[in-house]
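Please treat every number below as a calculation from the coordinates, not as lab data. Small disclaimer: the values here were computed from a predicted structure and weren't measured. All Cβ positions, even for glycine, are placed from backbone atoms using ideal geometry, and neighbour counts span all protein chains on display.
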Amino acid sequence: MWDVAPTPVRASRRGDIAGTLGDTRTERSCSVILVVLLVLAVALVPLGGGRLRRLWTLQLRSPWLLWLALGAQVVLIAFPGEETSWRIALNVAAYPLGLAWVWRNRDVPGMWVVGLGAACNLTAILANGGVMPVSARALEVAGITTDPDLFTNAAVLADPKLLFLGDVVPTPSWLPFANVVSVGDVLIVLGLAYGIHRVAGSRLAGRPRPSEGSPADVR
């Protein structure tokens, strides 16, 4: 089903990203900037009057689904190589696993936004043969150079489908951890950040309603 990926686009120099043909691939799993934003969201909880200990009492359902999804991405990073059917399939499989975990925990605040973001990413990947399309201009702004000989889960494609759902949001190259992320990634971070503050009782996400119960009740 995912044996053939679209023909990617090659960049020999950063300034030539948009203009030459061949492979330009970038690894989505190393979006450190997204992790940094989540850490910042946690750090802001006390400033919003929330209690971090409420996060530690939150019990989520089926954590093994999330670990399998993350594990699939770790395998792709740990065993780089040429584009193969199993690498494409593993990249795609991580998203249904993640969505299944989101569904199991849909009563946790923010999870619907997280699910929407993951669904956007999966839609773009499926539309492009198992690879997330990347904006050449976004790569240039972020100052990212890539290895054209290795399969990664994102690429600049000659004829991308649904590029607006791909990695099109760059951070400037002069910022730490510069990268290119998708609209889906942004939604995932926003959903998780909202959930963190909502569960912790932070004013930044609004106080929990009495009907929502204690975070410890979510299992």
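Below is a table of values for the structure above.
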quantity: Rg over Rh [alpha-carbon atoms, Kirkwood Rh] for the stretch 39-182; calculated: 1.01
quantity: log10 of Debye I(q)/I(0), alpha-carbon scatterers only, for the stretch 104-173 at 0.29 Å⁻¹; calculated: -1.24
quantity: Projected label distance in nm at Ala178 and Val74, using a 7 Å step from Cα toward the beta-carbon; calculated: 3.1 nm
quantity: Inter-probe distance in nm under a simple model that places probes 7 Å from Cα toward Cβ, at Trp64 and Trp103; calculated: 1.7 nm
quantity: Loop chymotrypsin sites (Phe, Trp or Tyr not before Pro), the stretch 152-193 (other Cβ atoms within 10 Å of the site Cβ: 16 or fewer; DSSP); calculated: Trp174, Phe177
